1. Pairs only if they're at least six apart or on different chains, beta carbon under 6 angstrom, first in the range 29-56 and of a type in the set (Val, Ile, Thr), second at pLDDT 95 or above and open to solvent by less than 40 Å² (accessible area, probe 1.4 Å); list them, first residue then second.
2. Identify, from the list 37, 58, the residue that is open to solvent by less than 20 Å² (accessible area, probe 1.4 Å), outside any loop (DSSP other than H, G, I, E, B) and at pLDDT 95 or above.
3. Could you name every one of the strands (runs of 3 or more DSSP E) located completely within the range 61-179 that has at least 2 residues being out of contact with any helix residue (DSSP H, G or I) (no Cβ under 7 Å at 6 or more places or on another chain), over 23 Å from residue 32 (Cα atoms) and free of Cβ contacts under 8 Å to residues at least 12 places away in the same chain?
4. All but one of (1) surrounded by fewer than 15 Cβ atoms within 10 Å (Cβ to Cβ); (2) under 25 Å from residue 115 (Cβ atoms); (3) at pLDDT 90 or above hold for residue 87; state the number of the condition that does not hold.
5. Tally up the residues in the range 61-79 that are buried (at least 20 other Cβ atoms within 10 Å of the Cβ) and more than 14 Å from residue 103 (Cα to Cα), please.
6. Within the range 40-51, which residues are under 20 Å from residue 89 (Cα atoms) and not in a loop (DSSP other than H, G, I, E, B)?
Amino acid sequence: DLQSVSPVPRFLQQLYLIGRLEEFPLWIPSLHGLVRLRLGCSKLRDDHLQSLQELPNLAKLALEQAYEGEGLCFNAGGFQRLKHLNLYKLKGLRWVKVKEGAMPHLETLTIRNRELMEEVPLGIEHLKNLQTFELCEMSEKLISKLDREVQDEDYRNIAHIPEVRIWYREHHQWKVKFL
């Protein structure tokens with residue numbers, strides 16, 4: 001029963017919660033010293049980014065099989081110190097939206113195994129400090145939009161990112177394509 005954790009560990013810097021959560025622990029947003037947060041296999045149905053976005057020191061967020069909704073929205077002013085964001089195997093995820101002013105210091109964004117996503121995160125062009133964008137096991141429709149020769153809107157929205165990597169499997173081996 002994670003809801004009844006008392007007292008709340010106020011000086012905690014890293015928190016890894018692996019396993020099914022019936023409810024999101026309401027005390028996590030009060031962990032102002034938290035630098036790293038990883039949620040794995042939680043299978044939450046509600047988007048809890050709102051409650052996490054004001055953590056003042058959060059630099060790394062990893063969500064792995066942690067959310068089963070259709071979309072995630074990163075709001076303006078949220079995640080002011082976040083540098084690394086990993087979204088892995090989020091069942092049902094179709095879209096990610098980044099509003100202007102969200103995650104201003106984000107350096108690395110990794111999205112893995114999202115066959116349902118058909119476009120790059122909406123608003124990715126607002127992430128001016130993004131150095132690395134990795135896509136792994138994504139839909140063919142999305143990957144085809146990132147063709148340098150076609151240069152459609154999705155390609156133009158990631159043109160400012162110095163390193164874009166697309167990971168895929170071929171003959172049981174991992175391969176990487178750099179854009």
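The values are calculated or read from the model by the stated rules, or taken from the named source; none is laboratory data. Source: prediction; values computed, not measured. Note that we place each Cβ from the backbone using ideal geometry, even for glycine, and neighbour counts take in every protein chain shown. Accessible surface is based on the protein model in full, side chains and every heavy atom, while ligands, DNA and RNA are left aside. Shrake-Rupley method; radii C 1.70, N 1.55, O 1.52, S 1.80 Å.
1. 35/59
2. Of the residues listed, the single one that is open to solvent by less than 20 Å² (accessible area, probe 1.4 Å), outside any loop (DSSP other than H, G, I, E, B) and at pLDDT 95 or above is 37.
3. Values: elements: 71-74, 84-88, 95-98, 108-112, 132-136, 163-170, 173-178.
The strands (runs of 3 or more DSSP E) meeting that bar are 173-178.
4. Answer for residue 87: the failing condition is (1).
5. 3
6. 40, 44, 49
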